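S.K.: Below you'll find the structure I mean.
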Amino acid sequence: MLTWIDYHTQYLNSGRIDAELCGFDANMNLEIYLARTLHQGYYVPGFALNGVGYFVSREWELFPDRNFQVLVEAEYIEFDSCSELANGIVVDDLVAESEQIKIGSFEIDGVRYCGLVDGQYSVCIINFFGILSMKQVPEFEVFVRR
């Protein structure tokens with residue numbers, strides 16, 4: 001089971017430095033966190049930067065959210081090719097398998113971001129600061145346990 005904690009109330013105030021990153025913007029010296037948020041009763045994955053999370057719903061609705069969680073204590077987790085989609089980590093392992101959403105990732109302008117994998121269409125969708133960005137299999141990666 002993965003450990004997710006609230007970014008603003010638990011992570012920032014704790015002095016922890018173990019939140020899982022999905023990317024790093026070297027030009028701006030900014031860490032990009034793997035994040036999730038509760039949206040209409042289910043968790044969706046995305047990324048967070050400067051205290052704001054960027055997410056995509058199952059219906060491909062783009063939305064920012066300041067109320068999100070980051071993944072911590074994530075040993076042995078890494079990105080792998082989308083051929084490992086069946087083994088991909090889900091954003092909420094407490095829901096029925098048919099409702100589970102996998103976490104995908106790809107680079108935009110040389111920086112890695114995270115988003116939602118829509119298995120029906122074999123795409124990874126990222127809310128890139130209000131712009132829908134997507135890649136199809138095999139052009140994205142998924143988080144897997146090693």
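S.K.: Mind checking whether some residue in segment 58-65 is exposed (fewer than 13 other Cβ atoms within 10 Å of the Cβ) and under 27 Å from Leu12 (Cα atoms)?
M.R.: no
S.K.: So, one more: Among the residues of segment 1-24, which ones are farther than 20 Å from Asp80 by Cα, in a strand (DSSP E or B) and over 12 Å from the mean Cα position of the chain (by Cα)? First the steps, then the outcome.
M.R.: Start the filter on segment 1-24 by keeping residues that are farther than 20 Å from Asp80 by Cα, which leaves 3-18.
Imposing the further condition that a residue be in a strand (DSSP E or B) reduces the set to 3-6.
Thr3, Ile5, Asp6 - these are the residues of segment 1-24 that are farther than 20 Å from Asp80 by Cα, in a strand (DSSP E or B) and over 12 Å from the mean Cα position of the chain (by Cα).
S.K.: Next question, about the same structure. Which of the numbered conditions does Ile89 fail, given that it passes all the others? Conditions: (1) modelled with pLDDT of 85 or more; (2) under 22 Å from Gln120 (Cβ atoms); (3) of a type in the set (Val, Ile, Thr).
M.R.: (1)
S.K.: Sticking with this one: Quick one: Val95 ticks every box in (1) surrounded by 13 or more Cβ atoms within 10 Å (Cβ to Cβ); (2) in contact (Cβ under 8 Å) with a residue 24 or more places away in the chain; (3) in contact with a strand residue (DSSP E or B) (Cβ under 6 Å, 6 or more places away or on another chain); (4) not acidic (Asp, Glu) except a single one, so which number is it?
M.R.: (3)
S.K.: Condition test on Cys82, is it surrounded by 18 or more Cβ atoms within 10 Å (Cβ to Cβ), modelled with pLDDT under 95, over 19 Å from Met28 (Cβ atoms) and out of contact with any Cys (no Cβ under 6 Å at 6 or more places or on another chain)?
M.R.: Values: surrounded by 18 or more Cβ atoms within 10 Å (Cβ to Cβ): yes; modelled with pLDDT under 95: yes; over 19 Å from Met28 (Cβ atoms): yes; out of contact with any Cys (no Cβ under 6 Å at 6 or more places or on another chain): yes.
The answer is yes for Cys82.
S.K.: Take the residues in segment 68-92 that are free of Cβ contacts under 8 Å to residues at least 60 places away in the same chain and touching an Asp or Glu at 6+ places or on another chain (Cβ under 9 Å); name whichever of them is farthest from Phe140 (Cα to Cα).
M.R.: So the first thing to find is which residues in segment 68-92 are free of Cβ contacts under 8 Å to residues at least 60 places away in the same chain, and the list is 75, 83, 85-88, 90-92.
Add one more test, that the residue is touching an Asp or Glu at 6+ places or on another chain (Cβ under 9 Å), and what stays is 87-88, 90, 92.
Working: Asn87: 14, Gly88: 12, Val90: 16, Asp92: 20 Å.
Among those that are free of Cβ contacts under 8 Å to residues at least 60 places away in the same chain and touching an Asp or Glu at 6+ places or on another chain (Cβ under 9 Å), it is Asp92.
S.K.: Given the structure, is Gly104 over 15 Å from Trp4 (Cα atoms), surrounded by 13 or more Cβ atoms within 10 Å (Cβ to Cβ) and either of a type outside the set (A, V, I, L, M) or without any contact (Cβ under 8 Å) to a residue 12 or more places away in the chain (or both)?
M.R.: Details: over 15 Å from Trp4 (Cα atoms): yes; surrounded by 13 or more Cβ atoms within 10 Å (Cβ to Cβ): yes; either of a type outside the set (A, V, I, L, M) or without any contact (Cβ under 8 Å) to a residue 12 or more places away in the chain (or both): yes.
Yes; evaluated as a whole, the condition is true for this residue.
The values are calculated or read from the model by the stated rules, or taken from the named source; none is laboratory data. Remember, it's a predicted structure, so these values are computed and weren't measured experimentally. Cβ: placed from backbone, ideal geometry, glycine included. Neighbour counts: every protein chain shown.
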